[in-house]
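Before any comments, here is the structure.
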Amino acid sequence: QVQLVESGGGLVQAGGSLRLSCAASGGTFSNYAMGWFRQALGKEQEFVAAISWTKMVNYADSVKGRFTISRDNAKSAMYLQMNNLKPEDTAVYYCAARVLTISTMSREYRYWGQGTQVTVSS
């Protein structure tokens, strides 16, 4: 059983930056592919980025060039560096874990954190 805890959300002006963290416990972190998803108020959850245990990455088109996903297997942690934030990035951001390969589909992730709110003001 893997437990995930996100942190680092907050309020930022458009054009600003935030760094989200996801701390994992209860499992062998390097066994898991990790992902970030987000859900804006009144909208469906959407894929943001994912990283495999070998650090292969995948990004949603909407965040390419602005967001960077990374992981530190020794610290059992994953990060999302978000630059040039836009109001449309406002959402609750969730980290998620699944065994083996990365996926863009939320239903394929077994473990989820509680989420952290990111609000970008215009």
*Tell me, which residue of the stretch 74-122 that is over 15 Å from the mean Cα position of the chain (by Cα) and part of a loop (DSSP other than H, G, I, E, B) is nearest to Gln45 (Cα to Cα)?*
Lys86
*Out of all the residues in the stretch 63-79, is one or more within 27 Å of Ala14 (Cβ to Cβ) and of a type in the set (D, E, K, R)?*
yes
*asked:* Could you check the stretch 53-107 and list, in sequence order, the residues that are of a type in the set (Asp, Glu) and farther than 17 Å from Ala33 by Cβ?
replied: Asp61, Glu88, Asp89
_Tally of residues being open to solvent by less than 50 Å² (accessible area, probe 1.4 Å) and in contact with a Lys or Arg (Cβ under 7 Å, 6 or more places away or on another chain) across the stretch 103-122_ = 2
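Would you confirm, using the coordinates I've provided, whether Ser62 is in contact with a Gly (Cβ under 8 Å, 6 or more places away or on another chain), surrounded by fewer than 22 Cβ atoms within 10 Å (Cβ to Cβ), of a type outside the set (Phe, Trp, Tyr) and more than 14 Å from Val5 (Cβ to Cβ)?
Spelling it out, it is not the case that Ser62 is in contact with a Gly (Cβ under 8 Å, 6 or more places away or on another chain), surrounded by fewer than 22 Cβ atoms within 10 Å (Cβ to Cβ), of a type outside the set (Phe, Trp, Tyr) and more than 14 Å from Val5 (Cβ to Cβ).
State yes or no: is Thr90 of a type outside the set (D, E, K, R) and surrounded by 15 or more Cβ atoms within 10 Å (Cβ to Cβ)?
So Thr90 fits the description; yes.
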*Keeping to the stretch 12-44, report how many residues are surrounded by fewer than 16 Cβ atoms within 10 Å (Cβ to Cβ) and closer than 15 Å to Gly115 by Cα.*
5
*Restricting the first residue to the stretch 52-67 and requiring it to be more than 25 Å from Thr90 (Cα to Cα), which pairs with a second residue that is open to solvent by 60 Å² or more (accessible area, probe 1.4 Å) and part of a loop (DSSP other than H, G, I, E, B) meet a Cβ separation below 7 Å and a spacing of at least six or different chains?*
Ser52/Thr101
_Residue pairs, Cβ under 6 Å, 6 or more apart or interchain, first in the stretch 81-105 and farther than 19 Å from Phe29 by Cα, second open to solvent by 60 Å² or more (accessible area, probe 1.4 Å) and assigned to a strand (DSSP E or B). List them._
Gln81/Arg19; Gln81/Thr68; Ala91/Gln39; Val92/Gln39; Val92/Gln117
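Here is a check on your reading of the model: is Leu100 of a type in the set (A, V, I, L, M, F, W, C), surrounded by fewer than 19 Cβ atoms within 10 Å (Cβ to Cβ) and on the phi > 0 side of the Ramachandran plot?
yes
The values are calculated or read from the model by the stated rules, or taken from the named source; none is laboratory data. Treat the numbers as computed from the prediction; the structure is a model and nothing was measured. Cβ atoms come from the backbone with ideal geometry, glycine included; neighbour counts cover every protein chain shown. When the accessible area is computed, the model is the full protein with side chains, heavy atoms only, and any ligands, DNA or RNA have been set aside. Shrake-Rupley method; radii C 1.70, N 1.55, O 1.52, S 1.80 Å.
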